[in-house]
Amino acid sequence: CFSLCSAAAVVTKDSWEKSILKSDTPVLVEFHASWCGPCKMVHRVIDELAGEYEGRIQCFVLNADNDSQIAEEYEIKAVPVVLLFKNGEKQETVVGTMPKEFYAAAIERVLKP
């Protein structure tokens, strides 16, 4: 179950407020596009992290082409970009393809009380 199923759920503009802004737990959102090669690498890393941080953080993916108004709202100019939210506020941004430790470190900062 590698590329077929994902630990990260899909979020759209319709579910954004409920899933991201009103979440009781910190949330990670990966902005991607279907044509983006590096996004696939980031996606695998995010899936791994979703498993490792299960119960402590929720992970979502958003197609920036399909939901461009959300991407514009957060000034996403290129993909992949990972945003971390806590209490509805954007806390961390990781731009581009980074080693897994970068994402884990950002998650750890957001999880700090």
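No lab work stands behind these numbers, since they all come straight from the coordinates. This structure is a prediction, so every number in the text was calculated from the model and none was measured.
Is it possible to state the helix-based mean residue ellipticity at 222 nm for the chain, with each DSSP H run of 4+ residues giving -39500 (n - 2.57), the sum divided by total residues, to the nearest 500 deg cm²/dmol? What is it?
The per-residue figure over the chain is -9500 deg cm²/dmol.
Tally the DSSP beta bridges in the chain and give the antiparallel ones as a percent, rounded to 5.
That works out to approximately 60 percent antiparallel.
Excluding residues fewer than 8 places away in the same chain, name every one of the lysines whose C-alpha is closer than 27 Å to that of Lys112.
Qualifying lysines at Cα under 27 Å: Lys18, Lys22, Lys86, Lys90, Lys100.
Return the inverse of the average 1/r over all pairs of distinct C-alpha atoms in region 35-81, which is the Kirkwood hydrodynamic radius, in Å to one decimal. Don't skip to the answer; put the middle values down first.
Numbers: mean 1/r = 0.0849 Å⁻¹.
Answer for region 35-81: a Kirkwood hydrodynamic radius of 11.8 Å.
Computed over the Cα atoms of region 20-113, what is the convex hull's projected area averaged over all directions, in nm²?
Mean projected area of the Cα convex hull: 5.5 nm².
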